[in-house]
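All remarks here apply to the structure that follows.
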Amino acid sequence: MFEPSDKPRLFGLPPGADFPRHLVEGLLERTDGLPPEALGRVTLIVNTRRMARRIRTLFDAGPARLLPRIRLVTDLGDNMELAHIAPPVSPLRRRLELVPLVRALIDREPDLAPRAALYDLADSLAGVFEEMRGEAVSFEAIRALDVSAHSDHWARALKFLTIVEQVEDEGALPDPAARMRLVADHLTDLWRAAPPQDPVIVAGSTGSRGATNVLMQAVARLPQGAVVLPGFDFDLPPAVWDNNLDDSLTGEDHPQFRYRRLMRSLDRRPGDVRLWRESEQNDDRNRLVSLALRPAPVTDQWLAEGPTLTGLDRAMETVTLIEAPSGRDEAQAIALRLRKAAEDGQNSALITPDRLLSRQVTAALGRWDILPDDSAGEPLHLTPPGRFLRQVAELSHATHGAAGLLALLKHPLCHTGSDRGPHLRLTRGLETELRRNGPPFPDGDTIRRFAAKQDSEIADAWAEWVADQAFGPAQDALPRLSDRIAALVARAEALSRGCGAGGAGTLWAGNAGQDVRAKLDELAGAADAAGEIGAEDFTNLLTSILRGAEERDSKTPHPHILIWGTRDARVQGADLVILGGLNEGTWPEVPAPDPWLNRAMRAEVGLLLPERRIGLSAHDFQQAIGAPEVWLTRALRGPEAETVASRWLNRLTNLLNGLGPGGRSALEGARARGAHWLGMASQLEQVDPVDPAPRPAPAPPVEARPRRLSVTQIKTLIRDPYAIYAREVLRLRPLDPLMKEPDALQRGTVLHEVMEHFVRAATADPERLSADELLALTRRVLADNVPWAEARLLWLARMTRIAEAVVTGEAGRLAQGRPARFEVPGRATLPGPGFDLTAKADRIDLDPAGNALIYDYKTGQMSSARQQMSFDLQLLLEAAMAERGGFEGIRPRHVLRAAFVGLGSNTDEVDAPLEDLPADQVWARFTTLIERYLDAGQPFTARRAMFKADMPGDYDHLARFGEWDVSTAAERRSVT
């Protein structure tokens, strides 16, 4: 197949060439005229299964012929000659072996990382070890590092690395990277002694890993061996190869750096890399991109070589640049173009490392029932069984509130064995009960009490099932990982099958269920390596392991619409290539932080630098942008802030802008094509304009209007009558929160109880009128009524700050009168219109002359005297009711004083303006107000006189506030 040569053979295909197709055609050309078995003697070594499948598909297209042996790099050790090399240890087992050591390190050095990062740290540590073996870096080299000039963190990490070396005994099985290096070294020795005479070709690899690089060198030196490089830049000048791609610290982020290292290992020059075969690609674009991606130290070459570039219009005529306002707009434009490609039968691929963008595009394509062939799949921890298992795992260590319990019971995989309908009805009834009556942290008895009131045949069994499975005993001990996995599977299956059924429900059904179960089985098989593990650590471990695995949809995807990650796209070909998410932090991705070795330490011992990933991404970009038709897309703004264009896109646009009218015209043409598609996406999202809703002012019939309100609702009637209409006429109540929070209402209720007990005690025994007594009562009431530990501590701290002021104020109030009653219910009737006014006074005192003193405790802001005269009539109306004998157990009395008593940051007292607005006058105003709103012609106007324009209301969404504002005239409308 190849002419005899004593020099290593290196071939290449330029960026943009359909690598698998040209690889196959080159093989056929080189075996043309040879016996039929010549092709069958070829061994073709590729680096991905996707590429192997593509090559096989190309051969299957015919005509019939013998096929070459297609091998994966990772499968080369699977033959008898290499049987003495031990099989690799499971990557999961190796990481689990490191978990106890990392846990001990976190316990000893808690500032190193949070507990949730336990498995991630073990994973990164295992990655360092694998990289050391793949790059043939010994522990002696690590120990020899001088960290005196580095911070204490790196010295501590280096010490830990040397301690962990003890787990690497000589009898331990090698990890996959170490075995791959052993295989490569052994094959090199075998081939050096007895080189195979049949052709061996390594194709599609860049040699970025040490073991692969060794293998490529060995193959290139074989008598009939060759290496075919994808995306080789034949336009890069020799001076750049020689002067700027030798130093890893400055050149590793260049797309051709790995090729320079390979050539240097083989003692070859760039000119020695021959073209595998003539291919079709946009050579003008390749020259433009090659110049744009020059190493940073020599970008001044733009000035010298830029003016010599020709064919800029041809280079950019099939390039479209999308600069979308947001990620959603970017996804919509991409989906539109992929839809057109599907209609035209055009092979199209979206290449992006941004999984959010790919999911948005997939969702947008669903509008037209197009399912793309996504190479990545969905992470297992986001699949239904993955989410369900994580929720179940949390039961072992977390106190489940009402929200967590209902999320578990409502999960589609919960109670799927039988009686799914009754289960859902009971769950919805439980949600209503918890919203109305709580408690925020239900337990088994809560569920049983609820079930006892339900009319359902399975209610009792259902309650016991929930109590047993959702509120089982917490596993506080440290059982072994295998025990935790078994307990998790048992509980998850019990929750999935439900009460009164057998099996595991539908928990393990479908691709996702099978994949999750397989991952759990793999974890159980390696569990002995981890020993004991805490419940919370186990949940974090489970999440990390499931996050690292993926599930592929079982549905048949569209054959021409593909979504590739950058690795899958390196040696693929498509008519239309869309490079999505071209922003810094995405293309290229930010290198993951290494907690063990910094950049300088890595360079010193010969490990891969963070720039390696940037260089690989640069190569992916250079390879993909050479496609026949290319889209370059980015969003100008991300979810939280404006974005920065990818450095490669930035270089390309800057170069074009500097190439005179021709370059600027070519760039503007690409932008214009992008603007056209963005406009189409915008039109697709357009809706018919709808007139904004008017400001409502409903006028219900007199018989439907409320005949009973409390004194606190009168303020609402004055400020926002529509809220009274919605609550009292339409009978709409705000939905109670599922998880009751320690809000201002709860705090007010608690402090009211504290003050009642405190005043009673101080009245009976003046010696107990002290700050210590007040704080002791506060602790007891908080313990009995507030289930939130944080709220108890916070509210007690607030009371501690104001205790002395409260005691001082109370001493003054007790000097004026003696408490007669607390929480006094009251009611007064307007006989004319037939209206009842209700109230509950926090406290009514009587002075020695028999006059009444009314106090209302406030934890928030108190209304001033001026506000009380116009809007907040609560105290004034309570005074009027007291003078009319409206409170139980209190005969009609003159009200000497009514005041708000502050229990918040302000502990002052704010008196009601009884002298300025006497009780009779208040009652007359109140009577006029009620008579007015009991008139059929009076509407209930929305937000009539709010204290602040932006003050929220419970019924603003019903009134469609926002479509109108306070300056909009109300539209009166009679309702029946």
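Readers should treat all values here as calculations from the given coordinates under stated rules, not as data from a laboratory. This is a predicted model, so every value here is computed, not measured. Here the Cβ positions follow ideal geometry from the backbone for every residue, glycine too, while neighbour counts run over all protein chains shown.
Some points to look at:
- Protection-proxy order for peptides 340-352, 948-960, each taking the mean of Cβ atoms within 10 Å per residue, highest first: 340-352, 948-960
- Neighbour cut-off at most 15 other Cβ (10 Å), DSSP loop, GluC sites (Glu not before Pro), segment 440-524: Glu457
- Of the GluC sites (Glu not before Pro) found in segment 889-967, those in coil by DSSP whose Cβ has at most 15 other Cβ atoms within 10 Å are Glu915, Glu963.
- Among Val690, Ile334, His381 the positive-end extreme of the charge dipole of the chain (Cβ point charges): Val690
- Per the Kirkwood formula applied to alpha carbons, segment 91-173 shows a radius of gyration over Rh ratio, Rg over Rh, of 0.96.
- Listed values [x] 2, 10, 17, 21, 20, 16, 10, 3, 0, 0; [y] 2, 9, 13, 13, 11, 10, 9, 8, 6, 4, 4, 3, 3, 2, 1, 1, 0, 0, 0, 0, 0, 0; [z] 2, 9, 13, 16, 16, 14, 11, 9, 6, 3, 1, 0, 0 include one computed from this model; for P(r) over Cα pairs in 10 Å bins from 0, in percent that value carries the label [z].
- Tail beyond 15 Å, pair distance distribution of segment 4-109 (Cα, percent): 76 percent
- Length-normalised contact order for the chain - Cα pairs under 8 Å, 6+ apart - percent: 14 percent
- Options Ala494, Tyr933, Ser665, ranked by Cα towards positive dipole end of the chain, top entry (Cβ charges): Tyr933
- For segment 714-793 and segment 392-468, distance of Cα centres in Å: 29 Å
- √(5λ) per eigenvalue of the Cα gyration tensor, segment 311-461, largest first, Å: 49, 16, 14
- Per-residue extension of 0.36 nm, minus the Cα-Cα distance of Ala849 and Asp954, leaves a gain of 33.4 nm for this segment.
- The translational diffusion coefficient of segment 720-861, from Stokes-Einstein at 4 °C and 1.567 mPa s with a Kirkwood hydrodynamic radius over alpha carbon pairs, comes to 74 µm²/s.
- Within the chain, antiparallel bridges make up roughly 30 percent of the DSSP beta bridges whose residues both belong there.
- If you take the alpha carbon atoms of segment 740-799 and fit the smallest convex hull around them, that volume is 67 Å³ per residue.
- Where GluC sites (Glu not before Pro) fall in DSSP loop in segment 604-670, at most 11 other Cβ within 10 Å: Glu640
- Residue order, fewest to most surrounding Cβ atoms within 10 angstrom, among Thr928, Thr74: Thr928, Thr74
- Among Val781, Val605, Val702, a tally of other beta-carbon atoms within 10 Å of each Cβ gives an order, fewest to most, of Val702, Val605, Val781.
- Per-pair calculated FRET efficiency, R0 = 35 Å: Arg567 and Val687 via Cβ, rounded to 0.05: 0.30
- For segment 175-290, the relative contact order works out to 22 percent when only alpha carbon pairs closer than 8 Å and six or more residues apart are counted.
- In order along segment 557-566, phi translates into HN-Hα couplings of x, 5, x, 10, 10, 10, 10, 10, x, 4 Hz, rounded to whole numbers, per the Karplus curve 6.51 cos²θ - 1.76 cosθ + 1.60 with θ = phi - 60° and x for Gly and Pro.
- Sorted ascending by nearby beta carbons within 10 Å, beginning with the fewest, Trp508, Trp276 become Trp508, Trp276.
- Whole-Å semi-axes of the ellipsoid equivalent to segment 380-551 (Cα gyration tensor, √5λ, descending): 28, 18, 13
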